[in-house]
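Data first, discussion second: the structure below is written as structure tokens.
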Amino acid sequence: MSIRRLIWVILVGLLALSANAGPRTLVLVVRADSKVVDLDSLGVRKLFLGLPVLVNGSPLHPVRNRSDADLDPIFLQQIVAMSQSAYERQTLIGVNRQGWLRPTEASSVAEVLKDLYADPNAVSFMWQSDVEHNPRIRVIRVLWGD
Amino acid sequence: MRFGRLLGLGLLLSWQLARGEPLKYEFLLLPSAEFVGTFARHSPDTQIHDDAIQADILLTLQQGPLKVFGEYLVSDHEGDLERLQLGWQLSDDTVIWAGRFHEPGSVWNHDHHHGQYLQTSITRPAIEEWEDLGGVLPQHFTGVLIESGANVLNGRRLRMAVGGGIAPQITADGLEAFDLLHPDTDTRHQLGFQGRVSLHPNEFSESGGGLLLADDELTTVGLTQPTLARLDHVHLRLFGLFATYAQSNWKLTATIYAADSRMYYATHGHDDSFFVGYFQGEYRFAYDLTGFARWEDSVGASSSGYLQLFDRFARARQVVGMRWDFVHRQALTVQFARSHTLEGRYSDIRLQWSAAFF
């Protein structure tokens, strides 16, 4: 193989890899038949801090997606806007003072989907690529994109 | 038991209304262990029942807007149902509770409750002490509590709480709150009412300031001292101001209470008033170390007829200490305090381990 041919192979390989990775977008998701139509950023922050957020008189149930290590910094910076230790303390205080529920934690995409399928009031966040062809899941809004 | 039956009926009715919603729960265990050494004693009594080991257990069950919330404290000398509340979440901002709750008129206890891990200092201010540990103000009520909030003035947050219910009574051992699990048949409990309102920079901020009011009728049962034998009840009115300023590394808290009491004897009445306040500062250093200091003081405490009912009450106290969050959700705290009671003074040093598990 000539050097020129080797360079072409490497370039094509790199292009294929970058096309595969693509820009990533984090979206807020619910079950397709959920009554949740919209949630603003303040509502999302309240929800994932464990504060009550009601739709039609029923409280929503946040599911924190921890299936990917890249999700944690985005969750802390973009959704709840605090450090992990401050977030933990805040949710503990909520349980102690008001009996609030801490968000459920899901460690895999399958677990997040299972929670969403089982509960019309469950709200979570996922990579758009994980849900874009799933008819049982509805995207409420974009939370973050790179 | 009438209140218990009413609570049971309310639970049944609420559960019927919330049927079809998934049942969610939350469990939190806050254990702690403490060593106390007292020295430089110039007082006949120091602390009573210093808990060496305790576990604070919190459980929430929620089905739709219906909530059941309980707190049970087990220690080396007692087991008490501290809170048992049946709640209905009316909206994002408002919840109505029925049951046994901590009175919203206590600044410290409304924020920290019984769990040691969530408060920086080992001890609470003397004016905020629990009834069964020599406290002078009512802390546990059985009745109805409404908590609410609203966004006002360009995103600032107004928080409110009002409560009313069965007030503690005064016994020879101090204040005694109504016990839901073992209701006393020889009871003379009367009612008390409390309110609290505070303003915060936003919905998520710890900083803020507010005021509180309480009006309690405290009946007496079994007082044996000859001078108190004819005391029938005390009408206690409380007004308080409080403020907290919190930044990422430090926190300042200041509270002042003004109390008016009228003591009703069989033949006459006696009025008095006193002021109690405290100021606490905390600073978070590197290596998860937090230093803290608290200054507690009072005016008119020594001459208050009402406070004479609680001779272990610390009318002034200085506290200094250091907390080390040495591993995830576990802390070690050392604290030194100098207390001036109505009968003398003493010093103590404490070492505590506290944690949070769920």
Would you mind computing, in nm to one decimal, how far apart the modelled labels at B:A243 and A:L54 are, each placed 7 Å from Cα along Cα→Cβ? 3.5 nm
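If each DSSP helix of 4+ residues adds -39,500 (n - 2.57) and the sum is divided by the residues in chain B, what number results at 222 nm, nearest 500 deg cm²/dmol?
Theoretical 222 nm ellipticity from helices: -2000 deg cm²/dmol.
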Rounded to the nearest 500, the 222 nm mean residue ellipticity computed for chain A from DSSP H runs (n ≥ 4, each -39500 (n - 2.57)) alone is -12000 deg cm²/dmol
What's the exposure ranking of B:L84, B:L211, going from fewest to most Cβ atoms within 10 Å? B:L211, B:L84
Inter-probe distance in nm under a simple model that places probes 7 Å from Cα toward Cβ, at B:S148 and A:D68: 4.4 nm
Using 1/(1 + (r/R0)^6) with R0 = 60 angstrom and r between the beta carbons of A:R141 and B:H270, what's the FRET efficiency to the nearest 0.05? 0.40
Summed side-chain charge close to B:L332 - residues other than B:L332 whose Cβ falls under 14 Å, Lys, Arg +1, Asp, Glu -1: 0
Extension gain B:W295-B:N202, at 0.36 nm per residue separation less the Cα-Cα distance, in nm? 30.6 nm
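Using the beta-carbon distance between A:D33 and A:A86 and R0 = 45 Å, what value does 1/(1 + (r/R0)^6) give for FRET efficiency, to the nearest 0.05? Please report the intermediate quantities before stating the final value.
Values: r = 35 Å, r/R0 = 0.79.
That gives a FRET efficiency of 0.80.
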DSSP-defined antiparallel bridges as percent of all bridges, the protein assembly as shown, nearest 5: 95 percent
Descending semi-axes in Å of the protein assembly as shown, equivalent ellipsoid built from Cα gyration tensor: 49, 27, 19
Along principal axes, Cα extents of chain A, largest first, whole Å: 71, 35, 24
Which aspartates and glutamates, on any chain, are close to A:K114 with Cα under 19 Å apart, when same-chain ones fewer than 8 places away are left out? A:D33, A:D68, A:E105, A:D130, A:E132, B:E21
Based on the Cβ-Cβ distance of B:L181 and B:R156, what FRET efficiency does E = 1/(1 + (r/R0)^6) give at R0 = 41 Å, to the nearest 0.05? 0.50
Give, as ranges by residue number, the residues of segment B:297-335 whose backbone N falls under 16 Å from the point 7 Å along Cα→Cβ of B:R41. B:312-313
Restrict the search to segment B:205-291; then list the chymotrypsin sites (Phe, Trp or Tyr not before Pro) that DSSP places in a loop and that have at most 13 other Cβ atoms within 10 Å of their Cβ. B:F285, B:Y287
Under 20 Å from the Cα of A:K46, which lysines turn up, not counting those fewer than eight places away in the same chain? A:K35, B:K24, B:K67
For B:F326, B:F69, ascending order of other Cβ atoms within 10 Å (fewest first) is B:F326, B:F69
Loop-located trypsin sites (Lys or Arg not before Pro) in segment B:171-269, at most 15 other Cβ atoms within 10 Å (DSSP): B:R188, B:R230
Order by neighbour count: A:I74, B:I166, B:I127, fewest other Cβ atoms within 10 Å first, most last. A:I74, B:I166, B:I127
Mean shadow area of segment B:236-343 over all directions, Cα convex hull, nm²: 8.5 nm²
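Read-outs throughout are calculated quantities, based only on the coordinates presented, and are distinct from any laboratory measurement. Treat the numbers as computed from the prediction; the structure is a model and nothing was measured. When we count neighbours, we look across all protein chains shown, and the Cβ atoms used for this are built from the backbone with ideal geometry, even at glycine.
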